[in-house]
Amino acid sequence: MSQKSTFYKLKHMKILLFIVGIAAILALLDVVEFYMPMEFEDMSVNRHSLYVHFDPVWDSYPSNIVFDVTSTWNKSNAVLDKSQRFIPFDETIPDNYGTNELDSMHDKSFVRLSHQNNQCQYNFQPHHYRSTVDVIRQNIEVAMGLQLTTDPYNIQFPNVKNTLYSDAQQESKLPDAFAHFIPICMINDVSNFDYSVRIDDKTLGVNLYFVPSISEYESYEKTGTFFYYTEPGCFAKNLISHSGTCSNVTQESGIMIIIPDDISRSLVKTTLNIYEQ
């Protein structure tokens with residue numbers, strides 16, 4: 001075996017060990033994070049997850065989607081109404097871990113594990129809530145180029161376009177795709193929001209829209225059509241990873257994420273971060 005060949009094998013082995021090491025660290029952080037919850041003092045934060053399993057009527061069957069959503073908005077000195085009170089996580093209540101629900105979209109059924117922490121209740125802390133280890137993970141992703149900032153509140157992803165198929169093809173997939181609605185948490189009547197979205201399936205593009213209310217999501221469920229904010233920055237189409245800013249967002253608004261019914265992997269994770277300026 002030549003010296004050059006040995007050198008390249010050692011180089012490739014070091015790269016492989018580095019990748020395995022990073023994966024092991026991230027896995028360890030997930031375990032440690034479970035036991036180290038931490039609350040931010042100057043911001044209101046809500047985090048929720050949604051697990052979706054498609055029934056056989058979907059082209060994506062038997063695939064699954066996990067949505068991981070974090071909303072951060074400014075605290076107010078005013079008295080918060082009942083819907084925005086602090087709610088600690090009670091591990092003795094089974095429903096806090098989620099309940100299975102049968103739902104449908106475009107007359108296609110699916111099962112979702114719906115957590116009861118997706119409303120604007122500030123500083124809600126499930127067991128796996130953001131903590132010191134999240135910051136460590138964030139710094140690792142910044143070093144790897146997967147995130148753009150070390151700000152623990154305002155997480156930003158690089159802008160990566162889906163290049164496997166055109167925007168026109170993406171549009172043709174939307175009428176019968178899958179959508180998830182996320183309410184926007186805010187105290188003021190009008191505000192501006194930074195956001196970032198990422199899907200870990202590189203064969204798909206994700207669409208994101210700021211919409212005036214959940215009524216648009218309900219319209220999309222039934223008809224495949226809806227209205228959304230058309231101002232620059234308030235929507236993103238056919239992207240694998242993206243960050244942006246939407247201005248002049250009003251109360252009752254939300255974000256709708258749409259993923260084409262063309263998933264080939266067994267599990268796809270979609271991450272969304274929303275940050276009030």
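Which of the residues that make up the range 244-267 are among the aliphatic types (A, V, I, L, M) and surrounded by 19 or more Cβ atoms within 10 Å (Cβ to Cβ)? Don't jump to the end; show me each part of the working.
We begin by selecting, within the range 244-267, every residue among the aliphatic types (A, V, I, L, M); these are 249, 255-259, 263, 267.
Hits for the range 244-267 are V249, I255, M256, I257, I258, I259, I263.
Which residues, counting only those in the range 152-187, are closer than 17 Å to T245 by Cβ and in contact with a Leu (Cβ under 8 Å, 6 or more places away or on another chain)? Outline the logic, then answer.
If we filter the range 152-187 for residues that are closer than 17 Å to T245 by Cβ, which is where we start, we get 153-159, 182, 184-186.
Correct list: Q156, F157, P158, N159, I182.
Examine the range 220-239 for a residue that is among the charged types (D, E, K, R) and touching a Phe, Trp or Tyr at 6+ places or on another chain (Cβ under 6 Å), and state whether such a residue exists.
Start the filter on the range 220-239 by keeping residues that are among the charged types (D, E, K, R), which leaves 221-222, 231, 237.
So of that shortlist, the ones also touching a Phe, Trp or Tyr at 6+ places or on another chain (Cβ under 6 Å) come out as none.
No, that holds for no residue.
Sort through Y195, Y217, Y275 and tell me the only one that's within 27 Å of K108 (Cα to Cα) and surrounded by 15 or more Cβ atoms within 10 Å (Cβ to Cβ). It would help to see each step written out before you state the result.
Details: Y195 fails: within 27 Å of K108 (Cα to Cα); Y275 fails: within 27 Å of K108 (Cα to Cα).
On inspection, the qualifying residue turns out to be Y217.
So Q169 passes all but one of these: (1) surrounded by fewer than 19 Cβ atoms within 10 Å (Cβ to Cβ); (2) modelled with pLDDT under 95; (3) within 23 Å of V268 (Cα to Cα). Which condition number does it fail?
Failed condition: (2).
Check Q170 against each of (1) under 17 Å from S60 (Cα atoms); (2) assigned to a loop (DSSP other than H, G, I, E, B) and name the one condition it does not meet.
So Q170 meets the others, but not (2).
For the range 152-162, state whether one or more residues are over 28 Å from V111 (Cα atoms), crowded, with 18+ Cβ neighbours inside 10 Å, modelled with pLDDT under 95 and among the β-branched types (V, I, T).
Checked against the condition, which is being over 28 Å from V111 (Cα atoms), crowded, with 18+ Cβ neighbours inside 10 Å, modelled with pLDDT under 95 and among the β-branched types (V, I, T), the range 152-162 yields at least one hit.
The values are calculated or read from the model by the stated rules, or taken from the named source; none is laboratory data. None of these values were measured; they are calculated from a predicted model. Positions of Cβ are generated from backbone atoms using ideal geometry, with glycine treated the same way; all protein chains shown enter the neighbour counts.
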